[in-house]
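For reference, the structure discussed in these notes is given below.
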Amino acid sequence: QIQHFTTRSGLPHDSIHSLFEDRHGRLWVGTVRGVCLLAPHPDPIGRAVAAVYPLNRAWVEAGLETSDGRLWFATTKGLWEAIPGAAPGEIHGFLNYGAVNGLSKPEIAIAEDRHGNLWLGSVRGGAMKIARNGIRTYTEADGLRGTLFVSLFESRPGDLFAISGPSPGGFPGGFLHRFDGKRFMAIPLRPNGVSELGWGWNQIGFEDHAGEWWVHSVHGLFRFPRVARFEQLQHTRPKAIYTKRDGLAGNEIFRLFEDSRGDVWISTTGDDGNGLSRWQRSTGSLRTFSREPGFPKGFYLPTAFREDRTGALWIGFSSGGVARYRDNRFQFFGPDEGIHGGEVDDIFTDHTGRLWIGTLNGGLIRVDDPALRVPIQR
């Protein structure tokens, strides 16, 4: 028996260019006006189509389900990837890839090789290969606001956040973004109407272990209470605002760091000079460091923080060198102790407990045992 399905049965067009069955046994029909999903038991004179996806009225030449379960459609208007929904087999939406993503011409063929790479064929653009673990670029079309991104971090539940800073000739403030697995949601960072956020990088705003949020600015440090959803921050009053009057070394916040005790270390810069302060969670008080035993003389801006496995804090400076803070005392390591290369831009501890120090001009320095009295070998 032959059954005939047409637009009268719910198809978006009678011109069919591709058919394929996915792992759930569903049949996908590619037409010159998008793609549709047939109903489980299609009836030519009744309900034959479960869903229609116009794909910008694209001419769908081929469809494919790759080994990782993703659905792809090659069309005259680029390559389309189905975004899975919460329920098995549900489609949340589609991502479109075109010339801006490096594709040469509209696609007419699609296949997957044994390594999971995706191959596309075109009429005049040759063959294109999409690596299975290739780079995915997110832009304003994905919800991002701004072009200068100065901080990426995970929250306690594992959500990815991104902070955009002030851009030359653009907005004066910044935005906090949350990634939901598909796109970004942005809220403006304007604590108490303050739009000048400063020019720090790396950890300049974060959610601490208690769920409270810390936001930097050029007019002090803002501490917000825990919120159920991050977008509520834009309408929540700060729990506290810390400035020089409260004991900060300066009002312009450059970088922040929460240690294992929940204390927050604060690097400041600006007209007040460069400074280092610590907010102590147990007392709720601020302390500024400058003349403590072992503190570097004439230091510049604290640019990097990291805690080693013994609980000692390591601090890098824009003038070069690092200081270790343990047992309420600083110990400084500079060129004489083997820390060359000028400005320290980041410090990292790996799974073995080794310390890695990234410098501006001296490459990467590795400290195998940070707990030693003299841990750095010249």
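The values are calculated or read from the model by the stated rules, or taken from the named source; none is laboratory data. Fair warning: this is a prediction, and the values are worked out from it, not measured in the lab. Cβ placement follows ideal geometry from the backbone for every residue including glycine, while neighbour counts extend to all protein chains displayed. These accessible areas exclude ligands, DNA and RNA; they are computed on the full protein's heavy atoms, side chains included. Shrake-Rupley method; radii C 1.70, N 1.55, O 1.52, S 1.80 Å.
Just a few scattered comments:
- Members of region 248-281 found to be under 17 Å from Asp327 (Cβ atoms) and either free of Cβ contacts under 8 Å to residues at least 12 places away in the same chain or open to solvent by less than 40 Å² (accessible area, probe 1.4 Å) (or both), listed by number: Asp259, Asp263, Trp265, Arg278
- Criterion: surrounded by 16 or more Cβ atoms within 10 Å (Cβ to Cβ) and either assigned to a strand (DSSP E or B) or free of Cβ contacts under 8 Å to residues at least 60 places away in the same chain (or both) - qualifying residue of Gly146, Gly125: Gly146
Residue by residue, here is whether (1) of a type outside the set (Gly, Ala, Ser); (2) surrounded by fewer than 16 Cβ atoms within 10 Å (Cβ to Cβ); (3) not in a strand (DSSP E or B) holds:
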position: Asp68; (1), (2), (3): yes, yes, yes
position: Leu79; (1), (2), (3): yes, no, no
position: Gly89; (1), (2), (3): no, yes, yes
position: Ile110; (1), (2), (3): yes, no, no
position: Trp119; (1), (2), (3): yes, yes, no
position: Thr137; (1), (2), (3): yes, yes, yes
position: Ser151; (1), (2), (3): no, no, no
position: Ala162; (1), (2), (3): no, no, no
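- Matching residues, region 6-22, being hydrophobic (A, V, I, L, M, F, W, C) and surrounded by fewer than 19 Cβ atoms within 10 Å (Cβ to Cβ): Ile16, Leu19, Phe20
- Gly334 being out of contact with any helix residue (DSSP H, G or I) (no Cβ under 8 Å at 6 or more places or on another chain) and either hydroxyl-bearing (Ser, Thr, Tyr) or open to solvent by 20 Å² or more (accessible area, probe 1.4 Å) (or both): no
- Within region 23-39, considering residues that are in a loop (DSSP other than H, G, I, E, B) and in contact with a Gly (Cβ under 8 Å, 6 or more places away or on another chain), the one least open to solvent (accessible area, probe 1.4 Å): Arg26
- Comparison of Leu79, Leu118 shows that the only residue that is hydrophobic (A, V, I, L, M, F, W, C) and either touching a Ser or Thr at 6+ places or on another chain (Cβ under 8 Å) or farther than 21 Å from Gly30 by Cβ (or both) is Leu118.
- Residues satisfying the stated conditions in region 196-221, i.e. open to solvent by less than 70 Å² (accessible area, probe 1.4 Å), at pLDDT below 90 and more than 22 Å from the chain's Cα centre (by Cα): Val218, Gly220
- Whenever a residue of region 166-184 is surrounded by 13 or more Cβ atoms within 10 Å (Cβ to Cβ), it has no partner that is modelled with pLDDT of 85 or more and of a type in the set (S, T, N, Q) lying with C-beta atoms less than 9 angstrom away and at least six residues away or across chains.
- Residues satisfying the stated conditions in region 303-329, i.e. surrounded by fewer than 19 Cβ atoms within 10 Å (Cβ to Cβ) and over 18 Å from Leu256 (Cα atoms): Arg309, Thr310, Ser319, Arg326, Asp327, Asn328, Arg329
- Of all the listed residues (Gly321, Gly341, Gly362, Gly334), the sole one being in contact with a His (Cβ under 7 Å, 6 or more places away or on another chain) and over 21 Å from Val150 (Cα atoms) is Gly362.
- Subset of region 1-22 [under 18 Å from Asp43 (Cβ atoms) and part of a loop (DSSP other than H, G, I, E, B)]: Gln1, Ile2, Gln3, His4, Phe5, Thr6, Gly10, Leu11, Pro12, Asp14
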